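Asker: Dropping the structure in here first, questions after.
The values are calculated or read from the model by the stated rules, or taken from the named source; none is laboratory data. Keep in mind that this is a model prediction, so the values were computed, not measured. Using ideal geometry, Cβ is built from the backbone for each residue, glycine included, and neighbour counts are taken over all protein chains shown. For accessibility, only protein heavy atoms count, side chains too; no ligands or nucleic acids. Shrake-Rupley method; radii C 1.70, N 1.55, O 1.52, S 1.80 Å.
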Amino acid sequence: MELEVRHLRALCAIADTGSLHKAARLLGTTQPSLTTQLRRIENALGAELFSRERTGCRPTPLGRAVLSRARPLVDGMNALVTETREAVARTTQGPRLRIGATASRVIGGWLRRLRIRLPETDTSLQVDVSANALLRMLAAGQLDVAFVHEVEGFPLRLPAGLVERVLVDREPQFICMAPDHPAAARSVVELSDLAGDRWMVDPAVDGEWDGLRRVLVAAGLNPPLLHGDYLTAVSLIAIGEAVAPCQPTSGPRDDMAIRPLRGDPLGVRLMLVSRPGFADFDAVYADLETAYRDAAMRASGYRQWLLRNESPLLSRGAVA
């Protein structure tokens with residue numbers, strides 16, 4: 001059997017996800033099919049490329065060597081296909097901008113500015129709770145840029161070749177609760193004030209549960225947890241059945257109180273990532289920067305936090 005690009009792409013997917021099951025989902029195939037394919041590749045090369053362990057698949061020393069040669073070939077093929085498609089699209093459809101993003105209050109203002117800046121460009125938006133999923137789409141040529149957040153202490157898996165620029169190095173995560181919650185009367189909430197509450201997290205958000213668990217354990221807390229999506233969280237928080245971390249740019253609501261946590265134990269890094277050679281990256285980043293600052297200024301709680309912390313965001317047009 002001769003190795004083909006699809007075989008190399010399969011090896012990279014297994015290494016990136018650390019699991020045959022996850023890699024099969026990423027590649028749009030079944031785990032038995034991928035297992036058979038891996039066995040054939042290893043037979044063709046005459047050696048084992050991955051060690052199968054209880055927690056997943058890990059590259060063997062030879063596997064790492066093969067992957068170091070395979071990744072540039074896969075990236076090169078992806079770039080070839082992407083650039084060819086873009087050339088065809090420019091000829092037949094006009095300019096386009098494909099944006100990916102994790103959920104954020106900033107997106108609306110960002111898109112409005114981009115529409116003004118690039119009126120002839122067909123702009124599309126793909127929102128996903130998983131930043132890693134968006135980065136994989138970006139690496140595959142399905143997106144031009146992705147605005148993502150990275151939970152502190154749990155770095156994202158950034159595919160080789162992508163270009164990143166940090167928007168905010170550390171954005172504090174606030175807490176949202178029912179407006180009649182006792183802690184809502186305070187301007188800054190102690191974690192201990194929430195010890196008796198149930199916490200709501202979305203397990204599909206990369207790093208969210210791990211980051212929250214680390215902070216709770218460090219504070220000596222072990223509260224009951226609920227898993228669910230954003231809409232479910234909002235409904236439960238509003239009636240006092242749960243509390244949850246939230247973005248400081250979250251807008252005011254009559255049925256919810258949003259407060260900073262003492263010491264800002266939860267934080268995320270915000271960044272814009274693009275495919276290599278994306279010509280409009282500087283302009284797209286500049287509009288995102290302005291949109292973020294505007295959203296921060298509109299959120300009174302975040303604006304007050306920025307004042308207390310003497311953030312340069314208050315005195316400059318750029319985000320620091």
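Asker: Points 7 angstrom from Cα along the Cβ direction at Arg298 and Arg253: gap in nanometres?
Answerer: 1.6
Asker: Round to a whole angstrom and tell me the spacing of the C-alpha centers of region 239-271 and region 189-232.
Answerer: 12
Asker: Let me check I've understood the local charge: for Gly211, count other residues with C-beta under 11 angstrom from its C-beta, Lys and Arg +1, Asp and Glu -1. What total comes out?
Answerer: Summing Lys and Arg as +1 and Asp and Glu as -1 gives -3.
Asker: Ok, one more. Tell me, rounded to the nearest percent, the portion of alpha carbon pairs in region 245-292 spaced more than 14 Å apart.
Answerer: Result for the distance tail: 66 percent.
Asker: Can you list the cysteines of the chain that have no other Cys Cβ under 4.7 Å away?
Answerer: Cys12, Cys57
Asker: Give, as ranges by residue number, the residues of region 5-24 whose backbone N falls under 18 Å from the point 7 Å along Cα→Cβ of Arg54.
Answerer: Under cut-off, by backbone N: 19-20.
Asker: Report the residues of region 121-158 in range of a label on Arg213: point 7 Å along Cα→C-beta, backbone N strictly under 14 Å from it.
Answerer: 154
Asker: Say we join alpha carbon atoms closer than 10 Å with springs in a Gaussian network model of the chain; which of Arg262, Arg96, Arg52 then has the biggest fluctuation?
Answerer: Fluctuation is largest for Arg52.
Asker: Which percent, nearest 5, of DSSP beta bridges in the chain are antiparallel?
Answerer: For the chain, the DSSP antiparallel bridge percentage is about 65.
Asker: With 35 Å as the cut-off, how large is the P(r) tail for the chain, expressed as percent of Cα-Cα pairs?
Answerer: 32
Asker: Also, quick follow-up: So what is the 222 nm mean residue ellipticity for the chain from helices alone, if each DSSP H run of at least 4 adds -39500 (n - 2.57) and you divide by all residues, rounding to the nearest 500 deg cm²/dmol? Walk me through the intermediate numbers first.
Answerer: Numbers: 10 runs with 135 residues, N = 320.
Only helices count here, giving -13500 deg cm²/dmol.
Asker: Report, in cubic angstrom per residue, the convex hull volume of the C-alpha atoms of region 44-185.
Answerer: Output value, Cα hull per residue: 184 Å³.
Asker: For Arg186 and Arg112, what does the FRET efficiency come to when R0 = 56 Å and r is the distance between their Cβ atoms, rounded to the nearest 0.05? Please list the in-between numbers first.
Answerer: Details: r = 35 Å, r/R0 = 0.63.
Between Arg186 and Arg112 the formula returns 0.95.
Asker: Scan the chain and report its longest stretch carrying no GluC sites (Glu not before Pro) that are both in a DSSP loop and have at most 16 other Cβ atoms within 10 Å.
Answerer: Numbers: sites that count: Glu2, Glu4, Glu48, Glu120, Glu190, Glu241, Glu310.
The reported range is 49-119.
Asker: A further question follows. What does the charge count around Phe154 come to, taking other residues whose C-beta lies under 11 Å from its C-beta (Lys +1, Arg +1, Asp -1, Glu -1)?
Answerer: So the surrounding residues net to -1.
Asker: Once the piece of chain linking Ser68 and Arg40 is laid out straight, how much longer is it, given 0.36 nm per residue of separation minus the C-alpha distance between them?
Answerer: 8.1 nm
Asker: Quick one: which residues, 5+ away or cross-chain, put their amide H under 5 Å from the amide H of Leu226? H built at 1.01 Å from N.
Answerer: So Leu226 has HN proximity to Trp199, Met200, Val201.
Asker: Kindly identify region 156-203 as rounded, prolate or oblate by the Cα gyration tensor criterion: order the square roots of the eigenvalues as a ≥ b ≥ c, call it rounded if a/c is under 1.5, otherwise compare a/b with b/c, prolate if a/b is larger, else oblate. Numbers along the way, then the final one.
Answerer: Numbers: a/c = 4.02, a/b = 2.41, b/c = 1.67.
Note, shape of region 156-203 comes out prolate.
Asker: Now a separate question. Rounded to the nearest whole Å², what accessible area per residue is found for the chain with the 1.4 Å probe?
Answerer: 51
Asker: For region 99-222, which whole-number percentage of the solvent-accessible area (1.4 Å probe, protein heavy atoms only) is attributable to carbon and sulfur atoms?
Answerer: 50
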